[in-house]
Amino acid sequence: MLFDHCKECRKCCHVEPGYPPLEIPLRPAERKQLGRVQVKTHCRFLGDGGCSLGQDKPYACYQYPLSFDPHTLSFYFDADCPLYDRYQQQLRQKGSEAIAHLSKVAETIAQMMGTDRRFLQRNHQLDVDYFELLPLEIPEDVRDALKRAADVQK
């Protein structure tokens with residue numbers, strides 16, 4: 001499984017010495033539930049089996065290692081995540097775990113384009129400022145769905 005590697009790697013939940021703390025952007029409901037999530041050395045929710053929040057993790061964490069630019073409707077991938085090549089390869093395989101992840105992320109983003117576009121902009125800007133991002137080639141049907149969502153919001 002593609003994301004099984006995450007439980008071993010766990011780089012995304014750590015900040016290397018010398019780097020500033022990483023403030024995880026939270027949506028209003030997440031902020032109400034979690035307060036503030038800042039990763040100084042490691043995330044306080046990181047357990048032996050991965051994220052202790054499970055499906056209740058902040059959206060920005062769920063979306064990781066992807067970053068979405070709402071201006072260009074483009075996806076990027078954190079260069080520090082070792083899954084880039086496998087994820088990109090799986091995007092060419094129907095029914096893959098990467099397709100399932102990207103589709104779920106894109107579905108949520110399409111909804112947020114109308115309800116919380118400002119969050120999407122803030123989240124992407126934080127990603128640009130904090131991570132080295134690699135372009136991600138996404139399937140046409142996902143890109144088309146995002147374009148339709150963006151057009152509806154105009």
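For this structure, a couple of remarks:
- Here the contact order of the range 57-151, divided by its residue count and restricted to Cα pairs under 8 Å and six or more residues apart, works out to 39 percent.
- The 3J(HN,Hα) values that the Karplus relation (6.51, -1.76, 1.60; θ = phi - 60°) gives for the range 16-22 are, in residue order, 5, x, x, 9, x, x, 9 Hz. Gly and Pro appear as x.
- Remark: the D80-K147 segment gains 21.3 nm on full extension, using 0.36 nm per residue and subtracting the alpha carbon distance.
- Annotated for the chain: lysine pairs at least 8 residues apart or interchain, Cα distance under 18 Å, count 8.
- S74 long-range amide H proximity, modeled H, under 5 Å: D69
- No disulfide-compatible partner, judged by a Cβ distance under 4.7 Å, exists for the following cysteines of the chain: C6, C9, C12, C51, C61, C81.
- Derived scalar couplings ³J(HN,Hα) [the range 54-70; Karplus, 6.51 cos²θ - 1.76 cosθ + 1.60; whole Hz; x for Gly, Pro]: x, 6, 8, 5, x, 4, 4, 6, 4, 5, 4, x, 8, 10, 10, 9, x
- Proximal charge balance of R31 [Cβ under 14 Å; K/R count +1, D/E count -1]: +2
- Taken over the C-alpha atoms, the chain has Rg and Dmax values of 15.2, 44 angstrom.
- Rounded to whole Hz, the Karplus (6.51, -1.76, 1.60) HN-Hα couplings of the range 34-40, x for glycine and proline: 9, x, 9, 10, 10, 9, 8
Since every read-out is calculated from the coordinates, none of them should be taken as a lab result. Here the structure is a predicted model, which means the values were calculated and not measured. Heads up, the Cβs are rebuilt from the backbone with ideal geometry, glycines too, and the neighbour counts pull from every protein chain shown.
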